[in-house]
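Okay, structure first, notes after.
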Amino acid sequence: MENCLFCKIAAKQIPSSIVHEDDDLLVFKDINPAAPVHLLIIPKVHVSTLSDCTPEHAPLLGKMMSLVPKLAADHNIAVTYDEQGQPSRGFKFLINSGPDGGQEVYHLHMHLYGGPRPWRGMRT
Ligand code: 5GP
Ligand code: ZN
């Protein structure tokens, strides 16, 4: 897709700080992080927004989401439990969709936020 920022990042025409790559996906650090850990998970193929997805996209969406536990473990933000079973750490996983959803880049991406709070602009 011409003139798509994230297609250019996927094609390595624009540099990014890549933390994971496979045949279908690229994961890189957000240029303007809102939390100590802020990663963007994108498909290499151009899909504009979650609203454009159909059941045919289920394998791709599943692959993106099921990568999260590994990314969280790699970045020390996985949910852990103490001896009393109390959870600690953790992350937020978000897909902004369309103007009302706060989407700015129209290439499907999943945000993964984590690390010690406070996080910029987020109370929950
Ligand atoms: P959206 O608001 O569309 O859900 O999120 C777009 C995200 O892309 C923002 O968090 C923004 O900081 C990030 N972003 C925009 N341009 C670039 C860029 O050139 N490189 C990287 N790594 N992130 C970008
Ligand atoms: Zn694109």
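The values are calculated or read from the model by the stated rules, or taken from the named source; none is laboratory data. Everything numeric here is computed off the predicted structure, so don't read it as measured data. Heads up, the Cβs are rebuilt from the backbone with ideal geometry, glycines too, and the neighbour counts pull from every protein chain shown. In case anyone asks, the SASA skips ligands and DNA or RNA and just uses the protein heavy atoms, side chains included. Shrake-Rupley method; radii C 1.70, N 1.55, O 1.52, S 1.80 Å.
Values as computed for the structure displayed
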| quantity | calculated |
| --- | --- |
| Within region 1-46, strands (runs of 3 or more DSSP E) holding 1 or more residues that are within 14 Å of ligand 2 (Cβ to nearest atom) | 25-29, 37-43 |
| In region 22-49, the residues that are of a type in the set (Val, Ile, Thr) and within 9 Å of the chain's Cα centre (by Cα) | Val27, Ile41, Ile42 |
| Residue among Arg123, Arg89 that alone is over 23 Å from His20 (Cβ atoms) and out of contact with any helix residue (DSSP H, G or I) (no Cβ under 6 Å at 6 or more places or on another chain) | Arg123 |
| Close pairs (6 angstrom Cβ cut-off, 6 or more residues apart or separate chains): more than 8 Å from ligand 1 (Cβ to nearest atom) and of a type in the set (S, T, N, Q) in region 89-106, in a loop (DSSP other than H, G, I, E, B) and open to solvent by less than 40 Å² (accessible area, probe 1.4 Å) anywhere | Ser97/Thr49; Ser97/Gln103 |
| Options Ala78, Ala58; residue that is in a helix (DSSP H, G or I) and out of contact with any Phe, Trp or Tyr (no Cβ under 7 Å at 6 or more places or on another chain) | Ala58 |
| Residue that is surrounded by 12 or more Cβ atoms within 10 Å (Cβ to Cβ) and acidic (Asp, Glu), where the choices are Glu56, Glu21, Glu83, Glu104 | Glu21 |
